[in-house]
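Note sheet for the following structure.
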Amino acid sequence: MNRSLLPLVIFVLMAGLLGYGLQLDPKIVPSPLIDKPAPAFSLPMLDEPSRQLSNTDLNGQVWILNVWASWCVSCRAEHEVITALARKNLVTLVGLNYKDEPADATRWLKQFGNPYATSIIDRDGRVGIDWGVYGVPETFVIGADGMIKYKHIGPVTHDSLEQTIMPILRELLS
Amino acid sequence: MIPEIGHFALIIALSIAFVQAAVPLAGAGLGVQRWIALAVPAALAQLLFIGISYACLTWVFINHDFSVLYAVKNSNSELPLIYRISGVWGAHEGSLLLWALVLALWTGAVAVFTPNVPRVMRARVLAILGLVSCGFLLFIIITSNPFERLFPAAAQGSDLNPLLQDIGLAIHPPMLYLGYVGFSVAFAFSIAALISGQVDSAWARWSRPWTNIAWLFLTLGIALGSWWAYYELGWGGWWFWDPVENASFMPWIVGTALMHSLAITEKRGTFKAWTALLAIFAFSLSLLGTFLVRSGVLTSVHAFASDPQRGIFILGFLVVVVGGSLALYAWRAPMLKSAAKTNLLSRDGVMLLNNIFLVVACSAILLGTLYPIAIDAMGGKISVGPPYFNLMFLSLTAPLGVLIGIGMLIRWKSDSLQRLGSKLKIPAIVVLVLALLLSFALPEWIWTAYLGIAMALWIAVTVGIAVYERFHGRVLSNALRSTPAGFYGMLLGHLGIAVFIVGVTLTSLYNQEKDLRMAPGDTYEVAGYVFTFHGVRDYDIDNYVATRGGFSVSSESGDFKVDLFPEKRIYRVQTMPMTEAAIDAGLTRDLFIALGEPLDQQGAWAVRIYYKPFIRWVWLGAIIMALGGLFSASDKRYRRLARSSSVERSAAEQAA
């Protein structure tokens, strides 16, 4: 192929991508983990690193795992919605602090406010891999039976909270 | 009435832009002198009408005309005058109008200040600028009319976003736009040269001063934005790798590459196609930046206004401008022949390497910025964080620092490894040893700090050698007279990089940040300074209420004392809390205090205290770099050639 055509070809591909980007909404992607048991973990807590939290500690209750990081801009966008969810006091909200510096994470929570019952430190992202985390942020709903009921990729918006996550929570809690 | 005049002037400007784009281009192609001659008056008339339109919008803001929707959304009768003037570009519609005005200003400047450029070439350049202007004016008139009326008129406006009520941010967008849009001139020259097939040294010489000036404005604009983020956002950072910051940084990197590549093309007649391509890239990235900021494709702390409908328009425009240019390039580039071969061991070769590193660095940033969209297209949504950017960028810029030093001392065309080795061996050893000594003087030895210091020293030392070589053994007055301003421009530009590297390295590795709970009377020690909190008091100012904390700071030895007053502001109309940090700035360190939240009834507050060593050097470096750009652009050569070629031209015209 003619070498001087290369910039044009790359640009056309990029423009296609951008055009596609305009059509998109944060989407719900079916996860292969839905209705499977939540992967086991045992990680130190951010506010008290000497203590560990494991998935078995949460057995018997409905809970939410929200994957976040201080370097994640979209997390800042969804923070307000996550805080609104926490204020409802319906379920235990656990943060998975993903590939982050604990000091940065602590400062981030101080600055914006801490909506989580506790955050656990997944510094090297191992637990993230077990849970099939694509990127940050992601949100999982786990039932009292320890099964993953729902997974949301990308920042949770007020709409997706009210229309999707809340109905699932209500059903699980009733 | 005034808003209608503004709107109407905008429509007239659009009509003129169409004429300015179509007629001279056809005239240049067909050889019709009268059509060619239309380019300059059309450019000036377009500037006049966009100027009128802009003045009308400013009038609306200054006189609180709340029958105009845009003013209602972004102004308020309590807003101080300066922010009513800067409020014009505080949101989407007005900032686009500013974009169009800046483009018209550059176009007008090209029309007036290029007597040395042949008339046909100038006509083509102005026509292409007119074409770009058409796109932007259409965009404003169709999707983002700032003059839209509101019936019935509102009694009061909902105020300018408090984040923007700040002097740093008031001048940040115009600076940035002067840079962004300024690359349109290099772009237009490049397209005009590709159309005519005249991609040569003369073309590079015409483009160079314009590119330098655009680059210096962009440098200052980015530095201002970073400075603003530092003192206004209240978390003490100065760069966040936010998509919008990246959008301004990418054209800067490619613009830097373009300046160097233009120098080679002018001097040696090589890399013509590459230089033309870089000029297209620099401007395309400016347009892409506008697209990213204005379309809402990316989630960003900066996304003040976004709307997918507008995104589709800008994307279409981007496809026409960039796609069209690259198609033209694909057609013409194979016909361009270099005047000479390039030897890698020469100044041309080193500058080519520098170009490659810069372009790769820019691609890495582009990838990191667009990757989230790519993932989104495949069904996810994520944020690529600073860990990625920092790693990518550091590993790509470290070799650049070494190249800067070599590039200043190596000869054009070809050089010998032996000569270069004997010249650089001793300075290199001196730099490595000196950097080691200096790095041990730091509070803690960190290898990246050593690397940063060595790099900065290396650049400084090679700048010194370059000066020595130029002046050594010559009568000073002669040497001064014969040294072109471009030489000083190069030295300053590179010294600026050295200063910048020192700032980035030391502030990111040795800063101290403390989040504290402080009650009145509490003291705390950070980095040898004792901070005492005296409590808070409330104040009532123009359009906000402030809670002001009193702190006194003294060094442990007691020879330094200062009082600092950080504020927490609530802007009345938008009831948005803002953090106004108090900073004691210094050449070697900043002390930074920000108030968090009140913690209890006894007057305890969450307080953030930062110690930021050498942070001023980050912006100082940028200012020195911009000065370098100014020196380079003011080189006598460009004016001298202007005179001689205009003499040649008039002689040629008389002969004809």
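The values are calculated or read from the model by the stated rules, or taken from the named source; none is laboratory data. Worth saying up front: this structure is predicted, and the values here are computed from it rather than measured. Heads up, the Cβs are rebuilt from the backbone with ideal geometry, glycines too, and the neighbour counts pull from every protein chain shown. Each accessible area value is taken on the protein alone, full model and side chains, heavy atoms only, with ligands, DNA and RNA left out. Shrake-Rupley method; radii C 1.70, N 1.55, O 1.52, S 1.80 Å.
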Please turn the phi angles of the stretch B:583-597 into ³J(HN,Hα) values with the Karplus equation 6.51 cos²θ - 1.76 cosθ + 1.60 (θ = phi - 60°), one per residue in order, whole Hz, x for glycine and proline. 10, 9, 8, x, 5, 9, 6, 10, 10, 10, 10, 10, 7, x, 10
Amide H neighbours of A:Thr92 under 5 Å, counting only residues 5+ apart in sequence or on other chains, H built in-plane at 1.01 Å? A:Ile64
How many angstrom separate the Cα center of the stretch A:111-170 from the Cα center of the stretch B:413-447? 51
Mean projection of the alpha-carbon convex hull of the stretch B:533-606 over all orientations, in nm²? 6.2
Please give the per residue accessible area of chain B, computed with a probe of 1.4 Å over protein heavy atoms only, in Å². 40
Please report the orientation-averaged projected area of the stretch A:29-173, defined via the convex hull of its C-alpha atoms, in nm². 7.6
J(HN,Hα) series, the stretch B:469-486, from Karplus relation 6.51 cos²θ - 1.76 cosθ + 1.60, nearest Hz, glycine and proline x: 5, 6, 9, 4, x, 10, 5, 4, 5, 5, 4, 4, 5, 8, 7, x, 4, x
List, by residue number, every residue in the stretch A:137-166 with a reduction of 30 Å² or greater in accessible area between the chain on its own and the complete protein assembly, 1.4 Å probe. A:Ile153
Given trypsin sites (Lys or Arg not before Pro), DSSP loops and at most 11 other Cβ atoms within 10 Å, the longest exposed-site-free stretch of chain B is B:1-336
Equivalent ellipsoid semi-axes for the protein assembly as shown, as square roots of 5 times the alpha carbon gyration tensor eigenvalues: give them largest first, rounded to whole Å. 47, 34, 29
Cut-off of 10 Å, at most 11 other beta carbons, DSSP loop: longest stretch of chain A lacking such trypsin sites (Lys or Arg not before Pro): A:89-174
Keeping all protein chains in place, calculate the accessible area per residue for the stretch A:29-173 (probe 1.4 angstrom), answer in Å². 43
At a probe radius of 1.4 Å, figure out the A/B buried accessible area, summed over both chains, and give it in Å² to the nearest 100. 3200
At B:Asp559 and A:Leu90, where each label point lies 7 Å from the Cα along Cα→Cβ, what is the point-to-point distance in nanometres? 6.4
Quick check: residue separation of B:Ile465 and B:Ser395 times 0.36 nm, minus the Cα distance between them. What number comes out in nm? 22.5 nm
Sum of -39500 (n - 2.57) over DSSP H runs of 4+, divided by residues of the protein assembly as shown (222 nm, nearest 500): -19500 deg cm²/dmol
Could you list the chymotrypsin sites (Phe, Trp or Tyr not before Pro) in the stretch B:431-519 that lie in coil according to DSSP, counting only those with at most 12 other Cβ atoms within 10 Å of their Cβ? B:Trp445
Among the listed pairs B:Lys514/B:Lys568; A:Lys110/A:Lys149; A:Lys99/B:Lys514, those beyond 29 Å (Cα-Cα): A:Lys110/A:Lys149
Carbon and sulfur %, accessible surface of the protein assembly as shown computed with the full protein complex present, 1.4 Å: 64
Under Karplus coefficients 6.51, -1.76 and 1.60, residue-wise ³J(HN,Hα) of the stretch B:22-32 in Hz, glycine/proline x: 7, 5, x, 5, 5, x, 5, x, 9, x, 8
Once you place label points 7 Å from the Cα toward the Cβ at B:Leu30 and B:Met335, how far apart are they in nm? 2.1
Convex hull over the alpha-carbon atoms of chain B: what's its volume per residue in Å³? 186
